[in-house]
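Below is one structure, written out as structure tokens; comments come after it.
The values are calculated or read from the model by the stated rules, or taken from the named source; none is laboratory data. Everything numeric here is computed off the predicted structure, so don't read it as measured data. Virtual Cβ from ideal backbone geometry, glycine too; neighbours counted across all protein chains shown. Accessible surface is based on the protein model in full, side chains and every heavy atom, while ligands, DNA and RNA are left aside. Shrake-Rupley method; radii C 1.70, N 1.55, O 1.52, S 1.80 Å.
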Amino acid sequence: MPPARRPVVLSLGGSVLLTGEGDEEYLRKLTMLLREAGAKRPLAVVVGGGRTARDYIHLGRSLGLNEIELDELGIVVTRLHAQLIASLLAPDAPPHPPRGVAEAVAEVGRWPVVVMGGTEPGHTTDAVAALLAERIRAERMVNATRTAGVYDKDPRKFPDAKRLPLLLMPVFRDMVMEGTQGLAGQEFPFDRLGVERLSRARIPLAVVDGRDLPQLRGAIEGRAFQGTLVQPSRE
Ligand code: UTP
């Protein structure tokens with residue numbers, strides 16, 4: 001028997017799922033891709049909250065909710081999105097997404113795909129994905145976002161921003177630490193706890209445009225892709 005293939009963890013940004021343009025067709029094709037990838041190796045997908053989460057967080061913040069309460073609003077939205085993807089994947093994913101990392105660990109390998117949302121306040125679904133990746137000794141983590149990788153500056157603000165195809169984890173870690181403040185609904189494409197966990201576990205991270213399905217497939221399957229590959233440091 002060939003050795004079992006190691007799992008891959010995909011952090012699927014909520015902003016990738018719902019854009020208001022072609023979402024139905026995208027979700028159909030994404031479901032097919034996840035099913036096919038999950039048939040080849042165990043796949044865990046952690047789904048984000050996107051604009052819907054941020055809308056609730058902005059509203060809650062203007063009404064005076066505190067950071068924990070705002071995070072909890074975000075978590076509910078990530079779980080709503082996870083429920084949508086899990087239902088689309090039936091019967092290849094648990095019908096009720098796990099609510100914690102330990103629960104998800106028990107399901108990975110028993111189903112082709114395991115889908116979940118956020119867990120507890122204080123981080124984002126990228127951190128959940130990294131914690132899960134460390135636990136299940138994932139071969140790699142893929143971060144599917146709305147930009148085609150990591151750039152030297154914010155590509156939405158600077159048209160001359162350049163994509164960085166290859167980065168070492170300590171450099172990426174510094175970029176995340178500079179770009180985030182750890183507040184609910186943050187906009188930077190990665191999270192502090194997530195980068196700490198990936199560094200410690202020496203798990204590579206592929207950052208790719210989640211709407212570009214051929215590139216997303218390449219990143220999940222460990223082939224060449226257009227995006228950014230963050231490699232563990234050499235020492
Ligand atoms: P996301 O993981 O979607 O954050 O969680 P994000 O990076 O801002 O968004 P996208 O989806 O990649 O565009 C949304 C919010 O929910 C809370 C945080 O406030 C986060 O910003 N959250 C999420 C938690 O507090 N804990 C979790 O485990 C997950």
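Brief remarks on what is shown
- The requirement of being closer than 16 Å to VAL16 by Cβ and open to solvent by 30 Å² or more (accessible area, probe 1.4 Å) is fulfilled nowhere in the stretch 56-69; no residue meets it.
- Residues located in the stretch 1-44, provided they are touching a Leu at 6+ places or on another chain (Cβ under 7 Å) and not in a helix (DSSP H, G or I): PRO7, VAL8, VAL9, LEU10, LEU43, ALA44
- Here GLY48 does not fit the description of being of a type outside the set (Asp, Glu), within 19 Å of ARG140 (Cβ to Cβ), in contact (Cβ under 8 Å) with a residue 24 or more places away in the chain and exposed (fewer than 15 other Cβ atoms within 10 Å of the Cβ).
- Within the stretch 91-121, the set of residues being within 16 Å of the ligand (Cβ to nearest atom) and open to solvent by 10 Å² or more (accessible area, probe 1.4 Å) comprises PRO97, ARG99, GLY100, VAL101, ALA102, GLU103, VAL105, THR119, GLU120, PRO121.
- Considering the stretch 85-194, the qualifying helices (runs of 4 or more DSSP H), each wholly inside and each with 2 or more residues that are modelled with pLDDT under 95, run over 169-179.
- Matching residues in the stretch 1-32 - criterion: being surrounded by fewer than 16 Cβ atoms within 10 Å (Cβ to Cβ), closer than 15 Å to ILE220 by Cβ and in contact (Cβ under 8 Å) with a residue 12 or more places away in the chain: ARG5, ARG6, LYS29
- Qualifying residue in the stretch 27-42 (condition: near the ligand (Cβ under 9 Å from one of its atoms) and out of contact with any strand residue (DSSP E or B) (no Cβ under 8 Å at 6 or more places or on another chain)): no
- Among all positions in the stretch 208-217, there is at least one residue which is β-branched (Val, Ile, Thr), crowded, with 17+ Cβ neighbours inside 10 Å and at pLDDT 95 or above.
- Verdict on HIS81 being within 10 Å of the ligand (Cβ to nearest atom) and at pLDDT 95 or above: yes
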